[in-house]
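The structure appears below as structure tokens.
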Amino acid sequence: MVPAPYIYERQVEYWTSREIEGFFLDSGFEVLVLPITQLTERQMPSDFLFFDGSANKLFGLQFKALYHNADDFWSLDADQHRALAQFEWMYYGLSDLKSSRQHRNALHYLRVVSPSFPHEARLTR
């Protein structure tokens, strides 16, 4: 059986980045959310960048959708993992979303993880 995501990664990225933006705006930050193109992602391994101009803070997230087969896992690419680890301000955004009905709570289903661990092709929950 070929592993499949519960929710496609692009949808996870969209729902979760909207939730992150809303959280920061509601908290009084002037956040700018920048989606990264696949071409740019080769140089800057992030799906979205979040920047607050008033505090000059920046962070990036490389989103990963949850896959299922025998066990739930996130699929990690070795080259992307090495590149991501080069940026102290970029993190994995590991989503636990399993149903589209959870989209309004996407931020609650997000695990933000530093890429400082050794690469694993399948990162299990």
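Less than 5 angstrom separates the built amide H of ILE36 from those of PHE48, LEU49, all sequence-distant by 5 or more or on a different chain.
Placing a pseudo-label 7 Å from each Cα along the Cα-to-Cβ vector at GLN43 and VAL112 gives an inter-label distance of 2.6 nm. Net charge of the neighbourhood of PRO45, taken over other residues with C-beta under 10 Å away and scored Lys/Arg +1, Asp/Glu -1, is -2.
Relative contact order of the chain: 27 percent, from C-alpha pairs under 8 Å at least 6 residues apart in sequence.
Sorted largest first, the spans of the alpha carbon positions of the chain along the three principal axes are 48, 34, 24 Å.
Element breakdown for the stretch 37-97 at a 1.4 angstrom probe: carbon and sulfur atoms account for 48% of the accessible area. For the stretch 14-42, the residues whose backbone nitrogen is under 11 Å from a point 7 Å from the Cα of SER54, taken along Cα to Cβ, are 25-31.
Of the residues GLN86, SER116, LEU97, the one whose Cα sits farthest towards the positive end of the charge dipole of the chain is LEU97 (charges of +1 on Lys and Arg Cβ, -1 on Asp and Glu Cβ, taken about the Cα centre). Sparse packing (at most 16 other Cβ atoms within 10 Å of the Cβ) combined with a DSSP loop state is found for the following trypsin sites (Lys or Arg not before Pro) in the stretch 1-95: ARG42. Cα centroid distance between the stretch 4-58 and the stretch 72-116, in Å? Going from one Cα centre to the other spans 12 Å.
Seen against the Cα atoms of the chain and their longest principal axis, helix 9-26 is set at about 30 degrees.
Distance between the pseudo-spin-label points of ARG18 and HIS119 (7 Å out from Cα toward the beta carbon): 3.4 nm.
Count Lys and Arg as plus one, Asp and Glu as minus one, and take only other residues whose Cβ is under 9 Å from that of PHE24; the net charge is then -4. I need the shape label for the stretch 60-116. Rule: rounded when a/c is under 1.5, else prolate if a/b > b/c, else oblate, with a, b, c from the alpha carbon gyration tensor. Oblate shape, in that a/c is at least 1.5 and b/c is the bigger or equal ratio.
Take the Cα of ASP26, go 7 Å toward its beta carbon, and the backbone nitrogen atoms of the stretch 91-109 under 19 Å from that spot belong to 96-97, 101-109.
Solvent-accessible area per residue in the chain equals 61 Å², computed with a 1.4 angstrom probe and all protein chains kept.
The values are calculated or read from the model by the stated rules, or taken from the named source; none is laboratory data. Here the structure is a predicted model, which means the values were calculated and not measured. FYI the Cβ positions are ideal-geometry reconstructions off the backbone, even for glycines, and counts take in every protein chain you see. The accessibility values were calculated without ligands, DNA or RNA, using every heavy atom of the protein model including side chains. Shrake-Rupley method; radii C 1.70, N 1.55, O 1.52, S 1.80 Å.
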